[in-house]
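Only one structure is covered here, and it is reproduced in the block below.
The values are calculated or read from the model by the stated rules, or taken from the named source; none is laboratory data. Everything numeric in this text was worked out from a predicted model, so none of it was measured. Ideal geometry is used to build each Cβ from the backbone, glycine not excepted, and the neighbour counts take in all protein chains shown.
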Amino acid sequence: MPSPTRSISEPSKVLVFGAGNFGSCLADHLGDSDHDVYLWSRQGEVVESLNKTHRNPMYLKDHHFSTNITAVGPELPGETLINEMDVLLFAIPTQFLRENLEKLRLYLNKEKHPLLIFVNKGIEIGTHALTLEIITDTCGAGIAKAATFISGPSFAKESKICNLTCLLVVQRQPTSVSVTSFTDSEAQRAAILFHQPHFRCYTGSDPIGTELAGALKNVYAIAAGAADGLGFENNTRAMIITRGLAEMTRIGTAYGADPLTFLGLAGVGDLFMSCSSPTSRNYSVGFRLGKGESLDSIINNLGSVAEGVTTAKGVKMILDELGIKARIATTVIYEETIIPGKDIQAAVRELLELPSSKEIDLPSATGGPAKQLMKKLGLD
Ligand SMILES: NC(=O)C1=CN([C@@H]2O[C@H](COP(=O)(O)OP(=O)(O)OC[C@H]3O[C@@H](n4cnc5c(N)ncnc54)[C@H](O)[C@@H]3O)[C@@H](O)[C@H]2O)C=CC1
Ligand SMILES: O=C(CO)COP(=O)(O)O
């Protein structure tokens, strides 16, 4: 498919939406690669601090950010800045994406627009829409077909070393991600923009699978954290990761994604990482639930988004629609919210008492939701 976006010259002008952990981290990575980066924050004090001291007072506080970053905000950038950009990178939590795209779409020229890259991992509550559908609804099918998705095992923040929170990417710890789009040339462009020896990009053409994998792994990370919080150890975690992968692949296949996508970086790669590390916010939510803390208390002082909590609600709607079983996911989900209200020990017992079943059991009827989405995109 030919590219509808302007060509990316080196260095590129990139506007990053969202100066949270991941937006700031990716802005820094791109600034470090000599791109001309604009970082939008909705907090005036973040804009001021980044421009004056190259520090983000709210996220990754220990880090001195690239001087190639100009912070903008707190108002959403307008038409002039947007039209100067080669790339718009969205690092906004899924639940807030629609409201922002509704405003920004007015500035996008459908014939010639910047490359749009999305890194959020979630499902919208209420509509249970993937980001692709949110883009289609707000910006139109043409822009959605060219949109690119980056997903995979890539914590913005790595563990604490010498009491400093290290930025995984900036510390140049080797990291790999999937970069996918329905438009191959756009996936290539995004990969070229981000690719560095320490940040390796692998391209693909199954954005639906990539998005589902990224969203679903957060729900299983909650399950893995909860198991650890309850005192279960390695056998149990390995079970959750492996059976979680089987469930994710089953959901994805029924949805109409390529099952092989779940064996890639955005699938098992990210699942493995988030399920095995307290650095994961979703794992931490699960762990604290397992220790008996209430969800409200956890969310109120997590200080950052845990997409799995809201995604669980969307997953419930998808499972109901597809009519397939995913017992670990449904143990995390409870009456459209997650675990609280349910006795977590009883939920685990219920799960463990299930009868034996086939290990590999992909559904035969496949593709309903993906077909509908492809139709909306004009790709059927
Ligand atoms: N942190 C990480 O390691 C990774 C995060 N992601 C994904 O990236 C997305 C963003 O995550 P983080 O940056 O970690 O979250 P965060 O919680 O650190 O930051 C959230 C950002 O969203 C902004 N925000 C909140 N409400 C908003 C609204 N109504 N409109 C616009 N912006 C709003 C906040 O001001 C903040 O800048 C999530 O979907 C997450 O799953 C993906 C890969 C890695
Ligand atoms: O998606 C992530 C890493 O790839 C971040 O995981 P958490 O949102 O669970 O922290």
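Of the conditions (1) buried (at least 23 other Cβ atoms within 10 Å of the Cβ); (2) within 16 Å of ligand 1 (Cβ to nearest atom); (3) among the aliphatic types (A, V, I, L, M), I299 satisfies every one except a single condition; which number is it?
(1)
Which residues, taken from the stretch 91-100, are crowded, with 22+ Cβ neighbours inside 10 Å and either on the phi > 0 side of the Ramachandran plot or not small (G, A, S) (or both)?
Once the filter is applied, which keeps residues that are crowded, with 22+ Cβ neighbours inside 10 Å and either on the phi > 0 side of the Ramachandran plot or not small (G, A, S) (or both), the stretch 91-100 yields I92, T94, L97.
Taking L101, is it farther than 18 Å from V119 by Cβ and in contact (Cβ under 8 Å) with a residue 12 or more places away in the chain?
No.
Among what's in the stretch 68-126 and is under 23 Å from A213 (Cα atoms) and among the basic types (K, R), pick the residue that is nearest to ligand 2 (Cβ to nearest atom).
Ranking the candidates gives K121 first.
If you take the residues of the stretch 282-296 that are part of a loop (DSSP other than H, G, I, E, B) and surrounded by 15 or more Cβ atoms within 10 Å (Cβ to Cβ), which of them is farthest from ligand 1 (Cβ to nearest atom)?
K291
For the condition assigned to a helix (DSSP H, G or I), surrounded by 15 or more Cβ atoms within 10 Å (Cβ to Cβ) and either out of contact with any Pro (no Cβ under 8 Å at 6 or more places or on another chain) or at pLDDT below 95 (or both), what is the one hit in T330, T279?
Testing whether each residue is assigned to a helix (DSSP H, G or I), surrounded by 15 or more Cβ atoms within 10 Å (Cβ to Cβ) and either out of contact with any Pro (no Cβ under 8 Å at 6 or more places or on another chain) or at pLDDT below 95 (or both) leaves just T330.
Pick out the one residue from G267, G286 that is within 14 Å of ligand 2 (Cβ to nearest atom), under 19 Å from L351 (Cα atoms) and not assigned by TED's automatic domain parsing to the domain that holds I123.
The conditions single out G286.
Give I222, I241 a once-over and let me know the one that is of a type in the set (A, V, I, L, M), in a helix (DSSP H, G or I) and buried (at least 24 other Cβ atoms within 10 Å of the Cβ).
Step by step, each of I222, I241 is checked, and only I222 is of a type in the set (A, V, I, L, M), in a helix (DSSP H, G or I) and buried (at least 24 other Cβ atoms within 10 Å of the Cβ).
Would you check which residues across the stretch 289-303 are in contact (Cβ under 8 Å) with a residue 12 or more places away in the chain and either within 14 Å of ligand 2 (Cβ to nearest atom) or among the hydrophobic types (A, V, I, L, M, F, W, C) (or both) and list them?
L289, L295, I298, I299, L302
Could you look through the stretch 206-237, keep only residues that are of a type in the set (S, T, Y) and more than 23 Å from V16 (Cα to Cα), and pick out the one that is farthest from ligand 2 (Cβ to nearest atom)?
So, considering only residues that are of a type in the set (S, T, Y) and more than 23 Å from V16 (Cα to Cα), the one farthest from ligand 2 (Cβ to nearest atom) is T236.
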